[in-house]
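The values are calculated or read from the model by the stated rules, or taken from the named source; none is laboratory data. If you're wondering where the values come from, they're calculated on a predicted model, not measured in any experiment. As a convention, Cβ positions derive from the backbone with ideal geometry for all residues, glycine included, and neighbour counts pool all protein chains shown.
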Amino acid sequence: MKLRVFVTRPIPDAGLNLLRRAKHVLLDIYEHDKMIPRKELLRRVKGSTAILSILTDKIDKQVMDAAGASLKIIANYAVGFDNIDLKEAAKHGIVVTNTPGPEIAESVAEHTIALIFALAHRIAEADRFTRAGKYHGWGPQMLLGTDVIGKTVGIIGTGSIGTGVVNRLYDGFGVKIIYTDLTRHPDIEKRDLAKYCTLPQLLKEADFVSLHVPLLPSTRHLIGTKELKMMKKTAYLVNTSRGPIIDERALITALEKKQIAGAGIDVYEHEPNIPLALRKLPNVILTPHTASATIETRQSMSRRAAENILAFLNGKIPPNAIKQ
Ligand code: DGY
């Protein structure tokens, strides 16, 4: 008997080809390259053994009930899994997997570093300025930024992505790195890559603060008015983790009042909505949740999601099963 695998949006083909080749899989892929409407999701998951979801799908009790007793595994095409109700999945006896790996950590780390340098050198502003025909000749005080060399970078969260940023920055950028996390990071400490400190210490000391924590009840609005006030007036905030880690209203106020120098933001509190007030600010760089958007990484995420499903269907523990 073939087992139904429903994919909620077309993804790069590496994983889809693995699923297509599996004899016992009946593959159904939502046809359109857009977020599947809720009604359609509820209809299409019915009778599926596996759902390959993406981070914009809210996979809750209603979806699990709509799929029915056949649903055994939800393979999320993302490292983050805050779109899935894990408690409900556990109650339904459903395994949940994600797609962590060195490739995604590297892509997001690179994007984070790109944002740090783009902020410091005002790359996006300079691009807008040039395109607008405002460049009328070289000037000694035109679009002055700041060097990254000699500055302190504060990393909040040292999972694979935060550690990826530490590793890259340590090698050749001439910065001091400090970090904070729930526990100290043995490898970082052993190699003396970064100095551990508390969150308030980090906020006070860092010239660039970069967020790399998962979205959990305990990390929602980790950075709010109080924390932003602790940062230096000259400091920049970078977020490539999840939008709700920052209180977005508080960030806009801090930027408008010039309490901090700027921000590089890839993720938003209510995606895909980005407040106009944030979009209007000159001292921010906004990317549309594309930190992991490289061909290599998106193919490898596709492969990992499929491998999780196939391992499960073959009676094995999926390599990226999430503890529930
Ligand atoms: C993730 O994997 O969680 C990113 O946000 C998207 O790749």
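Does GLU271 fit the bill of being among the charged types (D, E, K, R) and within 28 Å of LEU144 (Cα to Cα)? Talk me through it step by step, then tell me what you get.
On the way: among the charged types (D, E, K, R): yes; within 28 Å of LEU144 (Cα to Cα): no.
No.
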Quick one: how many residues across segment 183-223 are more than 19 Å from the chain's Cα centre (by Cα) and not small (Gly, Ala, Ser)?
23
How many of the residues making up segment 25-79 are assigned to a loop (DSSP other than H, G, I, E, B) and either touching a strand residue (DSSP E or B) at 6+ places or on another chain (Cβ under 6 Å) or assigned by TED's automatic domain parsing to the domain that holds PRO272 (or both)?
4
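For the condition over 24 Å from ILE36 (Cβ atoms), surrounded by fewer than 16 Cβ atoms within 10 Å (Cβ to Cβ) and either at pLDDT 95 or above or not polar (S, T, N, Q) (or both), what is the one hit in GLY150, GLY101, GLY157, GLY68? Before you say what the answer is, go through the steps one by one.
On the way: GLY101 fails: surrounded by fewer than 16 Cβ atoms within 10 Å (Cβ to Cβ); GLY157 fails: surrounded by fewer than 16 Cβ atoms within 10 Å (Cβ to Cβ); GLY68 fails: over 24 Å from ILE36 (Cβ atoms).
Matching residue, one of GLY150, GLY101, GLY157, GLY68: GLY150.
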Return the residues of segment 284-297 that are more than 8 Å from the ligand (Cβ to nearest atom) and surrounded by fewer than 19 Cβ atoms within 10 Å (Cβ to Cβ); say none if nothing qualifies.
LEU286, THR287, PRO288, THR290, THR294, ILE295, GLU296
In segment 298-310, anything away from the ligand (no atom under 15 Å from the Cβ) and either of a type in the set (Ser, Thr, Tyr) or surrounded by fewer than 19 Cβ atoms within 10 Å (Cβ to Cβ) (or both) is listed as none
Residue check: is LEU119 among the hydrophobic types (A, V, I, L, M, F, W, C) and in a helix (DSSP H, G or I)?
yes
Filter segment 228-274 for residues that are more than 20 Å from ASP57 (Cβ to Cβ) and polar (S, T, N, Q); which is surrounded by the fewest Cβ atoms within 10 Å (Cβ to Cβ)?
THR234
Which condition number does LYS87 fail, the rest of (1) buried (at least 19 other Cβ atoms within 10 Å of the Cβ); (2) not in a strand (DSSP E or B) being met?
(1)
Looking at MET142, MET231, which is the one that is over 22 Å from THR290 (Cα atoms) and touching a Leu at 6+ places or on another chain (Cβ under 9 Å)?
MET231
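Here are GLU88, GLU110: which of them is closer than 24 Å to GLY174 by Cβ and among the acidic types (Asp, Glu)? Lay out the reasoning, then the answer.
Working: GLU88 fails: closer than 24 Å to GLY174 by Cβ.
Just a single option satisfies the conditions, and that option is GLU110.
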